[in-house]
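The values are calculated or read from the model by the stated rules, or taken from the named source; none is laboratory data. All figures in this text were calculated on a predicted structure; none of them were measured in a lab. As a convention, Cβ positions derive from the backbone with ideal geometry for all residues, glycine included, and neighbour counts pool all protein chains shown. SASA here: full protein model, heavy atoms, side chains in, ligands and nucleic acids out. Shrake-Rupley method; radii C 1.70, N 1.55, O 1.52, S 1.80 Å.
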Amino acid sequence: MKVYLNFKSPVLVGGRKSATNFIESINYIPGSVVRAALAKFVVLNCKAQRDVYGESSEKRFWVEFKNKEECQRCEFTNLCKNFNEIKISFFYPKGAKPNPLCDMICKNNEDHGFYSELLYGSEDKEAKCLKCPEGNNRVEKYAGLVADGRPYSEIERMYMGKTAINHFTKTALKGSLFTLAPVVKTCAEGIVFEGFIEGISKEDIEKIKKLRIGKYTSSGFGIACLSFGNSMENEKEDELREKAKQFSEKYKKIVKKDDFNFIALYFTSDILFKVDNLPAGYIPTQEYLKIFKNAIGIPEGFDIHRIFSQISLFRGVDTSKSDFTPKQIMYIAQAGTVLVLKTQKTIDEAVAELVKFKGFGEKIEDGYGWFEFYELKNS
């Protein structure tokens, strides 16, 4: 079902820090952050657990159904029982999505729109703006959010200087000055993010009056009320087949290859994956594509023909453990990644195989690796 997070206070969701004393909120909310907020809500309202630290799990704010007498009277029993089955997407500002990384924007005028690199097919041909004069019609990469075919520019942040107090001198503590930059507006309605939650009924989610999401929630940040849109309606398989057929027919004419069918996947969230024993030294591009394909779990019978992505390291700490154990370092491919797959399967067979997957890579239940079928809109 579609869920709206209507924030009643500024929201701060940390990303990669540019400096140790500067924390700027990212412009989306990963599903793992929403899950952590749900877990904290359940544990704090648990009648069978008196502490936020579970002795059996040895973790903080870890949801575990106790099956005690108190559980039978608890209004959040279903939420607790089914917690591991819940799937949560990434949440984006209402109406916005990540731009597919193969879509480039006019360098002179954003109102001229986007042009897909896939329309040009080969490295000797470059994407260009068709509305600008020849010779001054360059386009450039754009990795932000888009809405209605244009860059999304509604997000506003507030910059707040903070410091700690030396309780003896009643002055600012030396070396403690830092800056927070939370999101304070995403649209005319205020701060509204939208996404999807599956695996739990609307009635059970409605029992949650408020969630505290993100960082510094104890200081008043990230207070959200939940509201609901229409249920998540997946496109029917015949509609997906038609979309995939249209893409394959167009793309085969562009690359002049008739011995394969082509399907493009557009990832609406980051792809999280790990690679064990990455070879040292120079690796040809095709070998990298094979490693990436196997790492995220693309099924047999498909090969990656082209990839549009930005890949970096993903690291952090496990905040559910008291000693904040470092997490295993993994790789992350940026939301908006587009994979063009080639296959000798028929389009019907290929679509039937791919729709079995909710996403690819790790932590799919937290929204990572969710995808849609990409279509060429401008030609």
Compute the distance in nm between two label points, each set 7 Å from the Cα along the Cα-to-Cβ direction, one at Glu203 and one at Ser18. 4.9 nm
Taking the Cα centre of the chain as the origin and placing charges on Cβ (Lys, Arg +1; Asp, Glu -1), which of Ser218, Leu79, Pro10 is farthest toward the positive end of the dipole? Ser218
The chain, accessible surface, carbon-and-sulfur percent (1.4 angstrom probe): 47 percent
As an exercise, find the ratio Rg/Rh for the range 237-373 from alpha-carbon atoms, using the Kirkwood inverse-distance average for Rh. 1.03
Accessible surface, per residue, of the range 237-373 when the full set of protein chains is kept, probe 1.4 Å, Å²: 51 Å²
Rounded to the nearest 0.05, what FRET efficiency do Ala352 and Ile311 give with R0 = 25 Å and r taken as the Cβ-Cβ distance? Could you check? 0.30
Let me check I've understood the local charge: for Asn109, count other residues with C-beta under 14 angstrom from its C-beta, Lys and Arg +1, Asp and Glu -1. What total comes out? +2
Under 12 Å from the Cβ of Asn84, count the other residues' Cβ atoms, weight Lys and Arg +1, Asp and Glu -1, and hand me the total. -1
Among 186-192, 9-15, 24-30, 69-75, what's the highest-first ranking by average C-beta atoms within 10 angstrom per residue? 24-30, 9-15, 186-192, 69-75
Scattering profile of the range 108-211 at q = 0.12, 0.17, 0.19 Å⁻¹ [log10 I(q)/I(0), Debye over alpha-carbon scatterers]: -0.79, -0.96, -1.04
Can you tell me which lysines have their Cα less than 26 Å from the Cα of Lys256? Leave out same-chain residues fewer than eight positions away. Lys125, Lys128, Lys141, Lys243, Lys245, Lys290, Lys293, Lys342, Lys345, Lys377
Around Asp259 (Cβ within 15 Å, Cβ-to-Cβ, excluding Asp259; K/R +1, D/E -1) the net charge comes to +3
Apply the Karplus parameterisation 6.51 cos²θ - 1.76 cosθ + 1.60, with θ equal to phi minus 60°, to every residue of the range 338-347 and state each ³J(HN,Hα) to the nearest whole Hz, in sequence, with x for glycine and proline. 10, 10, 9, 9, 10, 7, 9, 5, 6, 4
Nearest 0.05, what FRET efficiency do Ser227 and Gln328 give at R0 = 30 Å with Cβ-Cβ as r? 0.25
Computed on Cα atoms, Rg of the chain relative to 2.2 N^0.38 Å comes out at 1.10
Mean Cβ count within 10 Å, highest first, over the residues of peptides 132-141, 341-350: 341-350, 132-141
Residues of the range 62-79 with amide nitrogen under 17 Å from the 7 Å Cα-to-Cβ point of Tyr53? 62-63
Taking a 1.4 Å probe, which of Lys209, Lys252, Lys81, Lys185 shows the most accessible area, and what order do the others take after it? Lys209, Lys81, Lys185, Lys252
Taking amide hydrogens as modeled 1.01 Å from N in the peptide plane, which residues meet the under 5 Å criterion relative to Lys87, leaving out close sequence neighbours? Glu198, Gly199
